[in-house]
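Report on the structure given below.
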């Protein structure tokens, strides 16, 4: 059911993220125009959207009739003008370079309504820089999803120096109408929130493996079958609140503070990835994938399907789907 004030959505960039956004929008009853640079890119986007919708049918999330109606609400174009004309909301998901996004935004300024929201899916670029040459920087913000956007509820909203509070409020209301969980950064930060947390964990993963403490498969299992299970239900601060018993997070800090200080002193603090890490990581993950059971998948495609099945089970438990 479409509860959004926006009647037409423009998806600018039909790649993996853009097509997933488009799936979410048409699934929720919105009319979507997908723009990309050529027909081949649009064909790939079309196949991805159709495949995502077919997957939702296979999981009894939508019916075949609803899928066909959603497909009928999806248009594809190589014209920025056609995509953004009369659009109330624009979700941009083009290449992660300032110059690419700035060039597209210049085209958007020519043809889109002045009050249309421009939301960038950037993984961590600054909105102030993306919108620095725009005629309407007040309508520009960051709206970073987590992959796959059509399933995972998180949207990180970031403001540029000239982003208006009205734009932020409109975007938050829009995403909430889709069942999303938008969070708004109080100030700009490279990488936003979730990616910074993820890369901090990943740095420690790399350091543990490089120091010979564990294998890649071991460290993935440690996260998967330990904190990862809880992270699906609660954030780290709430987890520590429960871990502290009656004393809560403050009590836990008082109880474990001295020992955790020792951990911090021993943890990674380097600022550049080890040059040899990519090769080590690929070799290790190849072994890990080969050791997976067939029902869990052993290829990227099989594992992605298994992942999405698990996400839907979790989202149903959380009443988010």
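Kindly indicate whether any position in segment 176-183 is at positive phi, under 20 Å from the mean Cα position of the chain (by Cα) and assigned by TED's automatic domain parsing to the domain that holds residue 116. Yes, segment 176-183 has at least one match.
Within segment 78-101, the set of residues being free of Cβ contacts under 8 Å to residues at least 60 places away in the same chain and buried (at least 18 other Cβ atoms within 10 Å of the Cβ) comprises 101 only. Cβ-Cβ distances below 7 Å connect the following pairs, each with a first residue in segment 58-70 that is surrounded by 11 or more Cβ atoms within 10 Å (Cβ to Cβ), a second residue that is at pLDDT below 95 and not in a helix (DSSP H, G or I), and a separation of six or more residues or different chains: 61/321.
Candidates 212, 257: the one that is exposed (fewer than 12 other Cβ atoms within 10 Å of the Cβ), free of Cβ contacts under 8 Å to residues at least 40 places away in the same chain and part of a loop (DSSP other than H, G, I, E, B) is 212. The test for being in contact with a helix residue (DSSP H, G or I) (Cβ under 9 Å, 6 or more places away or on another chain), without any contact (Cβ under 8 Å) to a residue 60 or more places away in the chain, buried (at least 16 other Cβ atoms within 10 Å of the Cβ) and in the same structural domain as residue 78 (by TED's automatic domain parsing) does not hold for residue 124. When segment 67-100 is filtered for residues that are more than 17 Å from residue 20 (Cβ to Cβ), in a helix (DSSP H, G or I) and touching a helix residue (DSSP H, G or I) at 6+ places or on another chain (Cβ under 8 Å), the ones remaining, listed by number, are 80, 81, 84, 98. When restricted to residues that are more than 17 Å from the chain's Cα centre (by Cα), closer than 22 Å to residue 88 by Cα and part of a loop (DSSP other than H, G, I, E, B), segment 1-54 contains 12. With the condition kept exactly as written, say whether any residue in segment 313-321 is surrounded by 15 or more Cβ atoms within 10 Å (Cβ to Cβ), touching a residue at least 40 places away in the same chain (Cβ under 8 Å), in contact with a helix residue (DSSP H, G or I) (Cβ under 8 Å, 6 or more places away or on another chain) and at negative phi. Yes. Checked against the criterion of being surrounded by fewer than 13 Cβ atoms within 10 Å (Cβ to Cβ), outside any loop (DSSP other than H, G, I, E, B) and not assigned by TED's automatic domain parsing to the domain that holds residue 146, the candidates 269, 281, 198, 222 yield just one match: 198.
The values are calculated or read from the model by the stated rules, or taken from the named source; none is laboratory data. Not measured: the values here are computed from a predicted model. Ideal geometry is used to build each Cβ from the backbone, glycine not excepted, and the neighbour counts take in all protein chains shown.
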